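A short write-up of the structure that comes next.
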Amino acid sequence: MKMKIRKAVIPAAGLGTRVLPATKAMPKEMLAIVDKPAIQYIVEEAAKSGIEDICIILSRGKHVVEDHFDRSPELEDHLLKKGKREVYDEVVGISQLANITYVRQQEAKGLGSAVLCAKPFVGEEPFAVLYGDDVIMGKDPVCRQLIEQYERHGLGCLGMKEVPFDQVTRYSSLKVDPLSGNVYRVSDMVEKPQTPEQAFSNFSILGRCILPPGIFQILESLPVGAGGEYQLTDAMKVLAREEGMIGVDFVGTRYDMGNKLGIMQAAVETAVNHPEIGREFRDYLREFVRTL
Ligand code: UTP
């Protein structure tokens, strides 16, 4: 039976080793894209998609994420006294985006084990997963694009995009058959194929999925996968083989906040359209590009 998707899990407990030393004491999910932390974009996407309850998976040293989505009475008072009503509204608005609960993943053993930590929160309903370091921008929230396909097909859904063939070994690879438009049937997958020959296609899972609660049973007996971690892809592979999944070649621009290039692309592309600094930044960028 299809159920409404009300809950989302945002895993944000990884070590972020590809962005050290920035991530030694600061979670990569809190790195700002101009003036807003990455994870706020993700929570906003979930809220715009109709999600009411969010569980963020954290680990030691990541309490700043909780502080960010909490009220901040001293700061709020200060802003009101200074007459900065607009910023005040923005700051208070952050704490009202959704009902957020936090769960700790004790050891960074992989995305699969992070999602498993949300089992008591999720219960017996299908739910969305938004990877905490994948910011996807666009008019139509990608989480909603996936929920629509879940409602249509009643199967687990995943966001996917084509990646360059020579880089597929860094990603997952999906076995897909076209259904209609940007929607595909997914029947198999492999996480980080060791050689390009082991890949099914250059379609890779990127950043978002909708999963049935049955995924937890699969995760509980999952063997360790690529990189010595419990891989969510390995659990989705069981789903895809047993009942099939739906792949959505989503509309939106994805920024990987887990690597340095992605962080810079997100900053530059957001800055050029920013209402406050956009014009000045574009002028600066034009001048700067001439010096390259
Ligand atoms: P990544 O594999 O990109 O995160 O996971 P990582 O392990 O932090 O990366 P590196 O290789 O060390 O740089 C994607 C998302 O899943 C979360 C991460 O925080 C990130 O948002 N994650 C990953 C967890 O919550 N727990 C884990 O054990 C691993």
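Some values worked out for this structure:
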| quantity | calculated |
| --- | --- |
| Lysine pair number, Cα distance threshold 21 Å (strictly under), the stretch 1-135, separation 8 or more or different chains | 18 |
| Accessible-area composition of the stretch 177-283, carbon plus sulfur, in percent [1.4 Å probe] | 49 percent |
| Added length on full extension, which subtracts the Cα-Cα distance from 0.36 nm per residue, Arg71 to Glu287 | 73.7 nm |
| Residues with amide H under 5 Å from that of Val135, placed H, sequence gap 5 or more | Tyr255, Met257 |
| Sparse-neighbour loop sites [GluC sites (Glu not before Pro); the stretch 76-121; at most 16 other C-beta within 10 Å; DSSP] | Glu107 |
| Surface accessible to a 1.4 Å probe, per residue, for the residues of the chain, Å² | 52 Å² |
| Residue among Asp134, Asp77, Asp177 with the largest mean-square fluctuation in a Gaussian network model of the chain, springs linking Cα atoms under 10 Å | Asp77 |
| Ranked packing of 51-59, 211-219, most packed first, by mean Cβ within 10 Å | 51-59, 211-219 |
| Nonlocal amide H pairs with Leu206, under 5 Å, H built at 1.01 Å | Gly159, Met160, Lys161 |
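The values are calculated or read from the model by the stated rules, or taken from the named source; none is laboratory data. These numbers were taken from a predicted model, which means no experiment stands behind them. For neighbour counting, all protein chains shown are included, and Cβ atoms are generated from backbone atoms with ideal geometry for every residue, glycine included. Surface areas here come from the heavy atoms of the whole protein model, side chains and all, with no ligands, DNA or RNA. Shrake-Rupley method; radii C 1.70, N 1.55, O 1.52, S 1.80 Å.
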